[in-house]
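Colleague: Here it is: the structure, laid out below.
The values are calculated or read from the model by the stated rules, or taken from the named source; none is laboratory data. Source: prediction; values computed, not measured. Please note: Cβ atoms are built from the backbone with ideal geometry, for glycine as well, and neighbour counts cover all protein chains shown.
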Amino acid sequence: MSTAVVRLQEIARDFFDGKQQRRVLQPITLDLFTQEMALIAGPSGSGKTTLLTIIGLILKPSSGKIFIGEREVSRDSENVKATLRLKKFGFVFQQADLIPGLNVMENILIAAAVQGQRVPSAVKKRAKDILGQFGLQAYAEARPQQLSMGQKQRVALVRALINDPVLLLCDEPTSALDVESSNIVLDSLKKLSADERRGVLMVTHDPRVFPYADRLIKLENGSVVFDSRRDKERGSDEENS
Amino acid sequence: MVVHDRSTTAGAILGVIAIVFLVGQQYSVLFGLFRFMSALVDQSGADIWICSNNTNNINASGTLPVRYTDRIAGLPEVEWVVPIVSSGGAIKLKDGKTQPVQVVGVPRPTLTGGPWRFAKGSIEVLLDYEGLTLDKLDLSNLGNPELGDIIEVSDRRVRLAGITQNVRGFQGTLIFTNLRKAREITKLPPDRASYFLIKAKSGQSISRLVQELKQVLPKAEAIPSAELARNTRLYYVVNTGIGSSFGFSVLVGALVGIVIVTLTLYTAVLNRQKDFAVLRAIGGRRRDILVIVFYQTLFIALAGVFLGFLLLASFLSGVRETNLPTGVILWIPPVHAFFTLIFSFLGALFAMRKAVKIEPASVFR
């Protein structure tokens, strides 16, 4: 049974563009669940990435509340939010963004050691295992420059998974990939979203991704104009009544 | 950055090397000059020097009556006392030209106050009435005379009997001979001397002996050797502009290094902005980023200090037997290394400031 891992209550975001305050995200209330591959889609400038970064506790909302589980985290300090990002979320960026000075294994383990912690041998073993699951065990010592874009993105996925997050936040992870690599990454994400302890949230405007989605959230001008889960729930509510 | 941006790392290390080497070679030359300034005093073996009144450096004394010897020797705390002569002269070169020298005459048979290091011969050569020493480093300037050659100094003929090694004064060529010959050369009457060197008996208080000497010799100055050496160095530092000149050079060396370190580290952080943003996004706190830049700076600073001192040591070793005066006081290099680390971190401040200000959200742009 899926459970809500992140809940947004009337989250809004304003930006000051140097001249005036602009509202880029209208108040949004949204729950994100485990066992769900949710997509945020919409045209450029609709607020997709802003919403993703707010959910990921990177950007502070101008108003509203964020809950992880039952705990409100929107007023937590920067350091607490960083630790929550480390423990609760896994990030996959558009360009993979591996650190070029580190090899594949180091790039993965840095996500476990970024706050200066020692990496336990169990985590190292886990990294090897996940690398193996993604067919990358032979590249553990390779530098990112030696990998294809698809391989880099899979390494980024392993990095995102190393701390066993409850929510994977992916920012257009397939936009720089060819069809084959894109399918591999999407298949992997789909499998990961089937885990009852984990959900996947992806920002995209790549139509190839839509068939993989369990839930589609459409944004326009900073507002949610469509949420397949909400509509489904409304539909079943109406049927019940 | 350290591993990946090797050119940046090398550039930053070069900045630290610049701080170590430029500053180090300046102060080692300054200390070398200090050594030359007070060499006569430092190497004399005496505890106290008697100079004419108001003497503020070793090259500025008038003359004193030799009869002071008995008054000084009569004090029970005095182990020995010897008069020496130190005055200007002119050495005649083979081509007929002359060159100024400082003539030092020391008493036979003890030869106290004489040269302390020899390339050829030994101090006993000064027991010969006609004997004189020149320094190895001055030979080429003086027409390369050889042992046994007759040399003319201030119209007096002397014989080159020994060659000293790095026995030089701040004012240039130091030549040593015996007291009698020195008086002849410098036209000093037999009843006059330039200084008296005094050794106190073991366990005697130098300051008390100085007070007693001042009472016994009211028309002369009694100065402890260390104080006279210090006064001499201070006199030259203040009156010749050496202090400000070297101080300025040291400052420029440090500034050049800091600028190089600042620019390279700052550029490195700019180039790696996205990596820092990724680290922040995946859970790194500002202080974690600071720790990364701190350790990178520490690595660069330590590598630079090590290589800089290696270069400095090679330089000092290379110029040891040349005309360039150099010297190092043991406690200076650790202090220098410490301040170089501080300067390196000062240089890294802008980079650190930039690194901690990088927003994790920038990775999504």
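Colleague: Need at least 1 residues that are polar (S, T, N, Q) and away from every other protein chain (no Cβ under 14 Å) per element, so show me which helices (runs of 4 or more DSSP H) inside the stretch B:1-95 make the cut, counting only ones lying wholly within it.
Modeller: B:6-37, B:68-73
Colleague: Quickly run through the stretch A:129-148 and pick out the residues that are modelled with pLDDT of 90 or more, crowded, with 16+ Cβ neighbours inside 10 Å, within 23 Å of the chain's Cα centre (by Cα) and more than 14 Å from every other protein chain (Cβ to nearest Cβ).
Modeller: A:Ile130, A:Leu131, A:Leu136, A:Leu147
Colleague: Next up: Counting just the residues of the stretch A:51-82 that are more than 21 Å from A:Arg229 (Cα to Cα), buried (at least 16 other Cβ atoms within 10 Å of the Cβ) and out of contact with any helix residue (DSSP H, G or I) (no Cβ under 8 Å at 6 or more places or on another chain), which one comes out nearest to the other protein chains (Cβ to nearest Cβ)?
Modeller: Out of the qualifying residues, it is A:Lys81.
Colleague: Give me a count of the residues in the stretch A:155-165 that are assigned to a loop (DSSP other than H, G, I, E, B) and within 12 Å of chain B (Cβ to nearest Cβ).
Modeller: Residues in the stretch A:155-165 being assigned to a loop (DSSP other than H, G, I, E, B) and within 12 Å of chain B (Cβ to nearest Cβ): 3 in total.
Colleague: Out of the stretch A:110-123, which residues are part of a helix (DSSP H, G or I) and within 23 Å of the chain's Cα centre (by Cα)?
Modeller: Residues of the stretch A:110-123 that are part of a helix (DSSP H, G or I), as a first pass: A:110-113, A:121-123.
If the condition is that a residue be part of a helix (DSSP H, G or I) and within 23 Å of the chain's Cα centre (by Cα), then A:Ile110, A:Ala111, A:Ala112, A:Ala113, A:Val123 are the ones that fit.
Colleague: Looking only at the stretch B:303-314, decide whether some residue is surrounded by fewer than 20 Cβ atoms within 10 Å (Cβ to Cβ), within 14 Å of chain A (Cβ to nearest Cβ) and out of contact with any Lys or Arg (no Cβ under 6 Å at 6 or more places or on another chain).
Modeller: No, that holds for no residue.
Colleague: Separate question: Conditions: (1) surrounded by fewer than 21 Cβ atoms within 10 Å (Cβ to Cβ); (2) of a type outside the set (S, T, N, Q); (3) more than 14 Å from chain A (Cβ to nearest Cβ); (4) in a helix (DSSP H, G or I). B:Val291 meets all but one. Number of the miss?
Modeller: Tallying (1) surrounded by fewer than 21 Cβ atoms within 10 Å (Cβ to Cβ); (2) of a type outside the set (S, T, N, Q); (3) more than 14 Å from chain A (Cβ to nearest Cβ); (4) in a helix (DSSP H, G or I), B:Val291 fails exactly one: (3).
Colleague: What residue, of A:Leu216, A:Leu168, is outside any loop (DSSP other than H, G, I, E, B), buried (at least 19 other Cβ atoms within 10 Å of the Cβ) and modelled with pLDDT of 90 or more? Working first, answer last.
Modeller: On the way: A:Leu216 fails: buried (at least 19 other Cβ atoms within 10 Å of the Cβ).
One residue alone meets the criteria, A:Leu168.
Colleague: Between a first residue in the stretch A:130-142 that is among the acidic types (Asp, Glu) and a second residue that is in a loop (DSSP other than H, G, I, E, B), which pairs have beta carbons less than 9 Å apart while being 6 or more apart in sequence or on different chains?
Modeller: A:Glu141/A:Asn103
Each row is one residue, and each column tells you yes or no for (1) surrounded by fewer than 22 Cβ atoms within 10 Å (Cβ to Cβ); (2) aromatic (Phe, Trp, Tyr); (3) in a loop (DSSP other than H, G, I, E, B).
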| site | (1), (2), (3) |
| --- | --- |
| B:Lys199 | yes, no, no |
| B:Ser202 | yes, no, yes |
| B:Leu228 | no, no, no |
| B:Thr232 | no, no, no |
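Colleague: In this structure, is B:Leu213 in contact with a strand residue (DSSP E or B) (Cβ under 8 Å, 6 or more places away or on another chain), assigned to a helix (DSSP H, G or I) and either aliphatic (A, V, I, L, M) or within 14 Å of chain A (Cβ to nearest Cβ) (or both)?
Modeller: Considered against the rule, which asks whether it is in contact with a strand residue (DSSP E or B) (Cβ under 8 Å, 6 or more places away or on another chain), assigned to a helix (DSSP H, G or I) and either aliphatic (A, V, I, L, M) or within 14 Å of chain A (Cβ to nearest Cβ) (or both), B:Leu213 comes out as yes.
Colleague: Please indicate, with yes or no, whether at least one residue in the stretch A:225-237 is under 30 Å from A:Ala82 (Cβ atoms) and modelled with pLDDT of 90 or more.
Modeller: For the stretch A:225-237, residues under 30 Å from A:Ala82 (Cβ atoms) and modelled with pLDDT of 90 or more: present.
Colleague: Residues in the stretch B:130-146 that are assigned to a helix (DSSP H, G or I) and more than 17 Å from B:Pro100 (Cβ to Cβ): how many?
Modeller: 1
Colleague: Now for a different question. Kindly establish whether A:Leu86 is crowded, with 16+ Cβ neighbours inside 10 Å, within 14 Å of chain B (Cβ to nearest Cβ) and farther than 24 Å from A:Arg229 by Cβ.
Modeller: When the stated conditions are applied, A:Leu86 passes them.
Colleague: Of these, A:Asn183, A:Asn107, which one is in a helix (DSSP H, G or I) and facing chain B (nearest Cβ under 10 Å)?
Modeller: A:Asn107
Colleague: Counting only residues that are in a loop (DSSP other than H, G, I, E, B) and either at pLDDT 95 or above or not polar (S, T, N, Q) (or both), which one in the stretch B:171-197 is farthest from B:Thr110 (Cα to Cα)?
Modeller: Top of the filtered list is B:Lys187.
Colleague: Name the single residue, out of those in the stretch B:40-51 being small (Gly, Ala, Ser) and in contact with a strand residue (DSSP E or B) (Cβ under 6 Å, 6 or more places away or on another chain), that is farthest from B:Leu213 (Cα to Cα).
Modeller: My answer is B:Ser44.
Colleague: If you take the residues of the stretch A:34-46 that are under 18 Å from A:Arg215 (Cα atoms) and either among the acidic types (Asp, Glu) or within 13 Å of another protein chain (Cβ to nearest Cβ) (or both), which of them is surrounded by the most Cβ atoms within 10 Å (Cβ to Cβ)?
Modeller: Among those that are under 18 Å from A:Arg215 (Cα atoms) and either among the acidic types (Asp, Glu) or within 13 Å of another protein chain (Cβ to nearest Cβ) (or both), it is A:Ile40.
Colleague: Would you confirm whether or not the stretch A:22-29 contains a residue that is part of a loop (DSSP other than H, G, I, E, B) and in contact (Cβ under 8 Å) with a residue 40 or more places away in the chain?
Modeller: Within the stretch A:22-29, not a single residue is part of a loop (DSSP other than H, G, I, E, B) and in contact (Cβ under 8 Å) with a residue 40 or more places away in the chain.
Colleague: So, in the stretch A:89-104, of the ones that are at the interface with chain B (Cβ under 7 Å from one of its Cβ atoms) and not charged (D, E, K, R), which residue ends up nearest to A:Pro173 (Cα to Cα)?
Modeller: If we take residues in the stretch A:89-104 being at the interface with chain B (Cβ under 7 Å from one of its Cβ atoms) and not charged (D, E, K, R), then A:Phe93 is nearest to A:Pro173 (Cα to Cα).
Colleague: Pairs needed: first member in the stretch B:275-301, farther than 21 Å from B:Thr262 by Cβ; second member anywhere, among the hydroxyl-bearing types (Ser, Thr, Tyr); C-beta distance under 6 Å; at least 6 residues apart or different chains.
Modeller: B:Ala277/B:Ser362
Colleague: While we're here: Of the conditions (1) without any contact (Cβ under 8 Å) to a residue 60 or more places away in the chain; (2) over 19 Å from B:Gln26 (Cβ atoms); (3) away from chain A (no Cβ under 14 Å), B:Met352 satisfies every one except a single condition; which number is it?
Modeller: Answer for B:Met352: the failing condition is (1).
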